[in-house]
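Trainee: Here you go, one structure.
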Amino acid sequence: MIFTAFLKALGQLTDSRFLGVLGLGLVLTIGLLVGFYALFAGVVGWFVPDTFTLPWIGEVNWIDNALTIAGIPLMLVLSIFLMVPVSAAFMGIFLDRVSEAVEDQHYPGLPPARGLTIGEALVDVAKFLGILTVVNILALLFYLISGPFAPLVFWVVNGILLGREYGQMVALRRNDARGAAEFRKRNRPTLFAAGVLMAVPLTIPVVNILVPILGAATFTHLYHMLNRAGARPSRTA
């Protein structure tokens with residue numbers, strides 16, 4: 001079910017509404033990376049002198065330039081962590097646009113979605129960003145000590161968080177808060193597995209830009225698939 005939902009989402013990437021959100025996501029991500037890189041270069045320039053003298057070597061005037069250039073791969077690594085909150089923020093802001101595109105193509109005839117008010121989306125995204133930040137800061141120690149298993153820890157931690165939030169927000173489009181919470185709790189294992197599926201490409205620079213769109217689309221499919229499965233009459237022996 002999860003991979004079916006993901007493949008359907010992947011097959012709709014050329015949809016004009018998907019491409020519009022992707023363009024906005026690309027601009028935001030590049031802007032954030034450039035901003036962090038400028039901050040990094042400014043800090044290097046502030047703390048590292050332009051030139052200094054080393055014994056037996058003489059005057060050195062290239063350290064600050066070398067550190068600034070070294071910041072480029074650092075920013076690519078940082079994009080892995082940046083895309084977690086970016087994914088959450090974009091999901092809250094542009095979820096309706098992606099979900100409507102999915103429903104128009106794959107689930108025609110549905111009644112109009114309740115949708116999320118701007119206030120609901122902003123409050124939910126702010127809460128989730130806070131949780132994401134705190135949890136990933138706390139998990140940073142485990143990332144450092146887990147060595148080669150660090151990606152696995154990252155996937156599990158963020159899979160739990162993304163599965164919870166994506167599941168909650170797609171359900172909120174067609175349910176009140178209580179109904180959305182019940183949907184999320186009822187399907188927790190499936191949503192966790194789908195969250196891990198979204199967390200894995202977050203660790204791949206450039207590819208991770210697609211995650212907000214694929215996540216919103218995949219979880220929209222899952223919402224309808226799970227509800228249809230739950231609505232099937234049980235078979236008696």
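The values are calculated or read from the model by the stated rules, or taken from the named source; none is laboratory data. Note that the structure is a prediction, hence the values are computed from the model and not measured. Please note: Cβ atoms are built from the backbone with ideal geometry, for glycine as well, and neighbour counts cover all protein chains shown. Just the protein is used for accessible areas: all its heavy atoms, side chains included, with ligands, DNA and RNA removed. Shrake-Rupley method; radii C 1.70, N 1.55, O 1.52, S 1.80 Å.
Trainee: Could you sort K8, K185 by their accessible area in this structure, using a 1.4 Å probe and putting the largest first? Each step should come with its number before you reach the end.
Mentor: Details: K8 75, K185 120 Å².
Listed by decreasing accessible area, they come as K185, K8.
Trainee: How much accessible area does E182 have with a 1.4 Å probe, in Å² rounded to the nearest 10?
Mentor: For E182, the solvent-accessible surface is approximately 90 Å².
Trainee: What does the C-alpha gyration tensor say about the overall shape of region 152-195? Classify as rounded when a/c is under 1.5, otherwise prolate if a/b is larger than b/c, or oblate. Display every interim value, and only then the final one.
Mentor: Working: a/c = 3.22, a/b = 2.32, b/c = 1.39.
Since a/c reaches 1.5 and a/b is larger than b/c, the shape of region 152-195 is classed as prolate.
Trainee: Accessible area, 1.4 Å probe, largest first: how do T133, T203, T220 sort? Spell out each step's value before the answer.
Mentor: Values: T133 75, T203 40, T220 5 Å².
Of T133, T203, T220, the descending order of accessible area is T133, T203, T220.
Trainee: I would also like to ask the following. Over region 128-194, average the accessible area per residue using a 1.4 Å probe and give it in Å², no decimals. Could the numbers behind the result be given before it?
Mentor: Details: 3500 Å² over 67 residues.
Ligands and nucleic acids excluded, the result is 52 Å² per residue.
Trainee: Given a Förster distance of 25 Å, report the FRET efficiency between L144 and L19 from their Cβ-Cβ distance, rounded to the nearest 0.05.
Mentor: Numbers: r = 38 Å, r/R0 = 1.52.
The value I calculate is 0.05.
Trainee: What does the highest-first list of 187-195, 136-144 look like by mean Cβ count within 10 Å?
Mentor: Working: 187-195: 19.4, 136-144: 12.7.
Highest-to-lowest ranking by the protection proxy: 187-195, 136-144.
Trainee: Find how much the distance from L26 to I131 grows on full extension, using 0.36 nm per residue of separation minus their present alpha carbon separation; answer in nm with one decimal. Don't skip to the answer; put the middle values down first.
Mentor: Working: separation 105, 0.36 × 105 = 37.80 nm, distance 2.39 nm.
Going from the current span to full extension adds 35.4 nm.
Trainee: How are the Cα pair distances of region 133-237 distributed, in percent, across 5 Å bins from 0?
Mentor: 2, 12, 19, 21, 16, 12, 8, 4, 2, 1, 0
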